[in-house]
Amino acid sequence: MNLNLCLDAVPGFLGFFDLSIAPPLLFYAYIPIFILCVVFGLFILKKDKSSTLSKYFLGINLSFATWIFLILFQWVGAYLETVHLAWQLLIIPELSIFLFSILFTYTFLFKKDAPNIYKYFIGLIFIGVSIILPTTLNIEAFDLAFCEGVVGYIWPTVYVFELICLALIVLIAIERVLKSKEPGEKFKTFIFTFGLIFFLGIFWASNYFGELTQTYEINLIGPIGMVLFLGIISYVIMKFKTFNTKLFSTQILVFVLWFLVAALLFIQRISYIKIVVIFTLALVGIIGFELVKSVKREIEQREKIEKLAADLEKANAKLRELDQLKSEFLSFASHQLRAPLTAIDGYSSMLLQGDFGKMPEKVRDSVQVIDTSSKSLIKIVNEFLDVSRIQQGRMKYDMSDFDSEKLAEEVVAELKPNVEKKGLTFSFNSEKGKNYIVNGDSGKIKQVIGNIVDNSIKYTPKGGIKVHVERKSDKILITVADTGIGIDTADILKLFSEFGRTKDAHKTNVSGTGLGLYVAKQMVEAQKGRVWVESPGKGKGSTFFIELTAKN
Ligand code: ADP
């Protein structure tokens, strides 16, 4: 394709541009802002992909970046055809900036996507513009002498239409203010609308007056409004945590600064440098101030967290020390209690068995009470000793192979008299012909099953208890189901923790400690098994499960 060169143009940069014909402020005003728009839009989209708001924001930014790109082409394009094309396409990003701004405003202020009617309206505008795009209504002619397009009749309408868009944005903001109830909402709406209108207003005015006076240098002012707009958006992000991101991107600001400074290199006349330096200085001032403030805040927060962490560490050490003391005391006290208790228990049993001769009936009743009480005290002391052994890591497990089904049956047989005394039914079932061998501490597993069955006896006022043993692939499941007081769902988890009891437990069993199931869980888990309970609720019975790993 043979392209025609603009008058005086010498294609240099990338073969399509002649940078020497650019006005001195062109690169300074456009390139950093172009990059700022793209980076900022993408940054917000990356941080908050799912939101419609960030998509509309990206829409504004990309439209603006495209607009800048086309304007740059108009200034420094070296070939007639490409410059002409840039003139012709300009109407699309020019309108998109305003239309995306309407959608953005609505979504930002009302926290929901704009109604469809807005979108149909925007769709119609674009269909109209696409039809007009290649016609003389858009670009009437091309001035070869200045390498410029001559705008067509549609452009005055475009400027009026843009003003209508501005009015619509103001109306949306007013509606928001009238409907707002939260205290910060009005301020937020005001600051946001001010930023957007300022940007679109400057943009509109610089285009309109540039066009009217045919002094296209005026257009260079337009993009500066964009910087303010992005600044305000950043402020809104920080202050109101819009876009789900608290982070005001320092990187982006620093990035822009680099470009602003680098753009100084493109300024050809020394007198312009002053303006540019003042502008850059102002920006450096603001950014520097904000940066120092945020670094200071961060350091303060870190110091606070570090102090908290140190305090927490101290408190933890103290707690560990107290816990250790508690376990030691528990162990000591239990040991001291056990010897006299064993003596009381032994002698009361001997008395009851008649080892010291026949007792009068009255004395016998009292000795029976002593015997029962000493036995339950011994049980409690043993539980305390188990807890302190577990917590100090001193619990020993005597591992050997044993038949878990036989063990469960043994427990059932031993406890049968207690069940019958209470008038409950009792049954034991198992699948015959299966291998129930387990490698573990049979004494401890017996204690666990015994505890769970004993609990069922204690917490079942009427009905009965069923014990079942089955093999499930490499697991053995021992189930103890009762028709007792049941357990509230909210209580289920706490039963297996230290001193965990339900609110109603004391009604049925006054002397319980809430340690039995804790000890059971620790013992079973130490042997690679599991214990848990299921209950349909209060008064509806409970089923306890002990799962052990079978030896194959
Ligand atoms: P204790 O029975 O000494 O209170 P456990 O640790 O053996 O302590 O049991 C903890 C709690 O679990 C009991 O206090 C009781 O609230 C509840 N619980 C245990 N077994 C049953 C059961 N079969 N039915 C209803 N609640 C039970």
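None of the figures in this text is laboratory data; all of them are computed from the coordinates on show. All values derive from a computational prediction rather than experimental measurement. A quick note on method: Cβ atoms are made from the backbone with ideal geometry, for glycine too, and the neighbour counts reach across all protein chains shown.
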Principal axis lengths of the stretch 436-501 from Cα atoms, whole Å, largest first? 33, 29, 23
Using only helices, what value at 222 nm comes out for the chain when you add -39,500 (n - 2.57) per DSSP H run of length 4 or more and divide by the total residues, to the nearest 500 deg cm²/dmol? -22000 deg cm²/dmol
What is the distance, in nm, between label points placed 7 Å from the Cα along the Cα-to-Cβ direction at D401 and at S473? 2.3 nm
Set K444/K528; K49/K307; K55/K111; K416/K446 screened for pairs whose C-alpha atoms are more than 25 Å apart: K49/K307
Report, by chain and number, residues whose modeled amide H sits under 5 Å from the one on I139, excluding near sequence neighbours (fewer than 5 apart, same chain). G152
Below 8 Å between Cα atoms, with a sequence gap of 6+, how large is the relative contact order for the chain in percent? 9 percent
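With a ≥ b ≥ c taken as the square roots of the eigenvalues of the C-alpha gyration tensor of the stretch 355-508, please select rounded if a/c is under 1.5 and otherwise prolate if a/b is larger than b/c or oblate if it is not? If you can, show how the numbers build up before the last one.
Details: a/c = 1.41, a/b = 1.38, b/c = 1.02.
In terms of gyration-tensor shape, rounded.
Please report Rg over Rh for the chain, where both radii come from the alpha carbon positions and Rh follows the Kirkwood definition. Each step should come with its number before you reach the end.
Numbers: Rg = 42.5 Å, Rh = 32.0 Å.
That ratio equals 1.33.
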Ranked highest first by average number of other Cβ atoms within 10 Å, how do 89-102, 358-371 line up? 89-102, 358-371
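Compute the FRET efficiency between Y159 and K307 as 1/(1 + (r/R0)^6), taking r as their Cβ-Cβ distance and R0 = 51 Å, and round to the nearest 0.05. Walk me through the numbers on the way to the answer.
Values: r = 61 Å, r/R0 = 1.19.
That gives a FRET efficiency of 0.25.
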Pairing the Cα long axis of helix 80-89 with the longest principal axis of the chain, what angle in degrees results, from 0 to 90 and rounded to the nearest 10? 50 degrees
